[in-house]
């Protein structure tokens, strides 16, 4: 089951800031869902391969031929902060 | 036997950008973005816009197999792309499509010249992945007030080549990088001169301790410097009674130091899982066909040069260390004496090029051919040949023009004889000294002859002429 | 509620512009909150264009509503989330390109559960959509807006997406027809991903014929989607009023405890109707059904945690005040995502994380294999499976939203279909206290023809689909 520290760690991995109130609110709901997930422990899956792709398709490719790009304007059209054609983001440190 | 006193273990991760492909790895954006404005070679896929989907570039897979084969790896029959989940501004989707289990090739090696002879460096794997975008900071990364992002580079095909930690010194690391780059150049799938074409992350530990990962290395020299710094840094930590921690460090090229990037994001849990939007690849049967198309690789070419042209192994090694140089040499050796060509291309021309920071593209093979012809026909002196090479590189023109302009045609025998006689007459003291046993006195006589012939005489011939006239 | 054929006649008699204007007026007056964005100007303008050009496409002049997780160039696309406020895609989804080429007129983007996570359209940032049959009740989810729009006469056709039942559930609750195709049949290029190995775009209509007509337009191979299959099909030609010899399987586990009596009765009656028309039925066992729900949620949440990692406010949508990059990123997401989305991302992250990956993610994928095998086995004995779409009719708004497990359990009959990747169509088959009941007809991979035939025959011989909510 998830405790407060676990939730903080997961919140960091998921990059979702969680207030103290959030942590209080979410922990019981998350744990009840995890409890529900543990139903699967009853399933016998020895020797069963996981299914990653439901269709048996392989080798889908495209040719090395340019198909065009967005214009710089289109590419930046939804960015709230731009600088000289670059997308402006907060400092790293 | 190399002692490796500090117990240095170095592993290198080299990212080769397949910039000779026409398009990126998962979308049809063109790859020739280098001189274009930022964010002008992007599409919904490489911009990571919601709803976009990747589709694999077939040529990128072929190139990946080529590299795997050239590195003596086993190419897998079944390979799959994975998501590596982490957050960084240059990563538009919040994950990188890369390979994890079932990489396209693994278990290879390359041989380099180690500290104590030939060293086989293991290649753990060579796999495919996509390039993130490019970040620009104001000043250094730790002081910049903001981060600027250009996604032109995002989605370029990368091959990540991971070595075993078999290198024991920064010099061996440098040689590994040189050799690796050489091999990849031979495959003609990347242009190493373009920005971002080859990037290195280095892992180093000493005395069996934890390893530091160093990022942001962009040159082979930089790698060597970064590793030298790290060894000193790590030794200092130990000397002070501390413990080297496992961490990521950023190489500052200007100051030649590594800076700790330690922050919360150290706890990397990439949560790899197979990319649901890309179906697996079954590529058995591709490898043999591609192997047949592989060009002659550096080691094979080196052996052939020795055999075919009768040159020394040292010359062969130097000439094959760069593809362009090897091609240049062979072109010259087709028409001129191969052994002379080896000396003049490898020992002389290469030195002059290095001094001027030029590549062999700056010199015409016809010119080298002419120069060697003149030398072989004893029409010019060695000094003259060097002069011609230097003038061609600095001013241009052609060998014949320069020979004419500077009057470099070797002076005829009797002119030398005359000059020798005059020199003997005019320098009696030197003659006496020499006859008395002072060997070095001959040099001033030779110098006098050279002066009289304005340097055009062959120094050796002048010496012989003088000795003859002195009755020696 | 008009059909395509009826509308075509009206367009010939009058004009598309008039039809579109009528629908727009109804939307404006509506209290259902089925739409997030209404494209009034562009729809009318396109209608005028179609009218003046006498355009001949299969859906020429017919209005259609699009779920707001499908990218529409130039039209805001929000996934009903605050984090995508103002996001205007610079490209159209594949299905939108197809609709435009067929002459369909996009009248707006419909409401949904945020990022398609839900079964009731109650988690939308824009408030819940109401069920036209009873405005105190949910329309189902996550494509509740698209279904309510069709049921409420605000659009004759609409598109939704179905990850775990999100087309079939609202079709059932709203008394209309909804189809989820075999995985890979309709391109996902432009569909904003929630769980990409499970989801497909699906269609809503007032009758099977219309759903098939729409299917013909939007299905088909798309080279921009690596999971898109290359299967040419003419779905409309599968519509035959003939089920003689059709073998129906009744999956034991989809009836009984947890299923409303009215629902079970209606579905069994429907099966009888088909038997009277010449079909036969047998009971089939699908023993792993009980594991399908937890497995589905683990897989969906895991994929979602990765698919939603790109929402950072840098390139589109919400942006809060700046701190350092990692902190800003976390704050934007905290402010921009609703509670349900956040919880699913957290759970998905957990299920993929080191130490839990095998217990949850891998385990769920193994269950997926068992579910797939259950279906494969069943289809060796029968042509189609018929079961309730939902275990009960529409519940009241607010009734289940605080109890996540209860809400999950409403998907019990729909999620196995997504895990197996098989096609399923929900058609109205009865009423419970005035609320519609839907039945699912499920087929084997790529056997849309069988399910369309069964659904069509049922419809031709009953009149449930002709019933409309009062006042609509």
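Here are some notes:
- If you check A:78, A:59 for being within 30 Å of residue B:79 (Cα to Cα) and within 9 Å of chain B (Cβ to nearest Cβ), only one passes: A:59.
- At least 3 residues being closer than 29 Å to residue B:67 by Cα is the threshold, and among the helices (runs of 4 or more DSSP H) wholly inside the stretch B:286-383 those reaching it are B:286-293, B:298-309, B:313-320, B:323-335.
- Qualifying positions in the stretch B:307-330 - crowded, with 16+ Cβ neighbours inside 10 Å and without any contact (Cβ under 8 Å) to a residue 60 or more places away in the chain: B:309, B:311, B:315, B:316, B:317, B:318, B:319, B:325, B:326, B:328, B:329, B:330
- Here C:389, C:462, C:380, C:414 are screened, and the one residue that is over 22 Å from residue A:43 (Cβ atoms) and either modelled with pLDDT under 95 or buried (at least 23 other Cβ atoms within 10 Å of the Cβ) (or both) is C:389.
- Of all the criteria given as (1) surrounded by 15 or more Cβ atoms within 10 Å (Cβ to Cβ); (2) within 25 Å of residue B:344 (Cα to Cα), the one not satisfied by residue B:469 is (2).
- The requirement of being assigned to a helix (DSSP H, G or I), facing chain A (nearest Cβ under 10 Å), more than 21 Å from the chain's Cα centre (by Cα) and farther than 17 Å from residue C:292 by Cα is satisfied by residue C:333.
- Helices (runs of 4 or more DSSP H) wholly inside the stretch C:142-243 containing at least 1 residues that are at pLDDT 95 or above and over 27 Å from residue C:293 (Cα atoms): C:144-151, C:208-218
- Residues in the stretch B:442-472 that are under 46 Å from the mean Cα position of the chain (by Cα), without any contact (Cβ under 8 Å) to a residue 12 or more places away in the chain and over 21 Å from residue B:386 (Cα atoms): B:443, B:464.
- Here residue B:155 passes the criteria (1) surrounded by 24 or more Cβ atoms within 10 Å (Cβ to Cβ); (2) within 20 Å of the chain's Cα centre (by Cα); (3) not in a helix (DSSP H, G or I) except the one numbered (2).
One line per residue, one yes/no per condition, for (1) surrounded by 21 or more Cβ atoms within 10 Å (Cβ to Cβ); (2) out of contact with any helix residue (DSSP H, G or I) (no Cβ under 6 Å at 6 or more places or on another chain); (3) modelled with pLDDT under 95; (4) at the interface with another protein chain (Cβ under 7 Å from one of its Cβ atoms):
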residue: C:296; (1), (2), (3), (4): yes, no, no, no
residue: C:301; (1), (2), (3), (4): yes, no, no, no
residue: C:309; (1), (2), (3), (4): yes, yes, no, yes
residue: C:323; (1), (2), (3), (4): no, yes, yes, yes
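- Test result for residue B:21, facing chain A (nearest Cβ under 10 Å), assigned to a loop (DSSP other than H, G, I, E, B) and within 23 Å of residue B:297 (Cβ to Cβ): yes
- Only one of the listed residues (C:306, C:330, C:236, C:302) is within 30 Å of residue B:142 (Cβ to Cβ) and touching a residue at least 24 places away in the same chain (Cβ under 8 Å). That residue is C:306.
- Within the stretch B:204-227, the residues that satisfy the criterion of being surrounded by fewer than 19 Cβ atoms within 10 Å (Cβ to Cβ) and more than 19 Å from the chain's Cα centre (by Cα) are B:207, B:208, B:209, B:210, B:213, B:215.
- Residue in the stretch B:398-405 that is within 23 Å of residue B:318 (Cβ to Cβ), part of a helix (DSSP H, G or I), assigned by TED's automatic domain parsing to the domain that holds residue B:331 and without any contact (Cβ under 8 Å) to a residue 60 or more places away in the chain present: no
- Matching residues, the stretch C:9-29, being at pLDDT 95 or above and out of contact with any helix residue (DSSP H, G or I) (no Cβ under 9 Å at 6 or more places or on another chain): C:22, C:25, C:26, C:29
- Against the numbered list (1) modelled with pLDDT of 95 or more; (2) surrounded by fewer than 16 Cβ atoms within 10 Å (Cβ to Cβ), residue C:63 comes up short only at (2).
- When B:38, B:50 are screened for being within 26 Å of residue B:219 (Cα to Cα), in the same structural domain as residue B:234 (by TED's automatic domain parsing), crowded, with 24+ Cβ neighbours inside 10 Å and touching a helix residue (DSSP H, G or I) at 6+ places or on another chain (Cβ under 8 Å), only B:38 passes.
- Lone unmet requirement of (1) crowded, with 17+ Cβ neighbours inside 10 Å; (2) more than 14 Å from chain C (Cβ to nearest Cβ); (3) modelled with pLDDT of 90 or more for residue B:271: (2)
- Residue list for the stretch B:126-152, filter: within 13 Å of chain A (Cβ to nearest Cβ), assigned to a strand (DSSP E or B) and touching a helix residue (DSSP H, G or I) at 6+ places or on another chain (Cβ under 9 Å): B:128, B:134, B:147
- Restricting attention to the stretch B:68-90, the residues being within 30 Å of the chain's Cα centre (by Cα) and either in contact (Cβ under 8 Å) with a residue 40 or more places away in the chain or surrounded by 23 or more Cβ atoms within 10 Å (Cβ to Cβ) (or both) number 9.
- Of everything in the stretch C:79-90 that is in contact with a strand residue (DSSP E or B) (Cβ under 8 Å, 6 or more places away or on another chain) and within 12 Å of chain A (Cβ to nearest Cβ), the residue that is surrounded by the most Cβ atoms within 10 Å (Cβ to Cβ) is C:89.
- Residue among B:160, B:172 that alone is outside the structural domain of residue B:326 (by TED's automatic domain parsing), assigned to a helix (DSSP H, G or I) and surrounded by 14 or more Cβ atoms within 10 Å (Cβ to Cβ): B:172
- Residue in the stretch C:367-377 that is within 30 Å of residue A:19 (Cα to Cα), out of contact with any strand residue (DSSP E or B) (no Cβ under 8 Å at 6 or more places or on another chain) and surrounded by 24 or more Cβ atoms within 10 Å (Cβ to Cβ) present: no
- Residues in the stretch C:245-258 that are out of contact with any strand residue (DSSP E or B) (no Cβ under 6 Å at 6 or more places or on another chain) and surrounded by 15 or more Cβ atoms within 10 Å (Cβ to Cβ): C:246, C:253, C:255.
- For the stretch B:95-118, a residue qualifies if it is surrounded by fewer than 22 Cβ atoms within 10 Å (Cβ to Cβ) and in a loop (DSSP other than H, G, I, E, B), and the qualifying residues are B:100, B:101, B:102, B:115, B:116.
- Selection count, the stretch B:24-54, where residues are part of a loop (DSSP other than H, G, I, E, B), under 29 Å from residue C:72 (Cα atoms) and touching a residue at least 60 places away in the same chain (Cβ under 8 Å): 18
The values are calculated or read from the model by the stated rules, or taken from the named source; none is laboratory data. What you see is a predicted model; the values in this text were computed from it and never measured. Cβ coordinates were reconstructed from backbone atoms using ideal geometry, including for glycine residues, and neighbour counts include every protein chain displayed.
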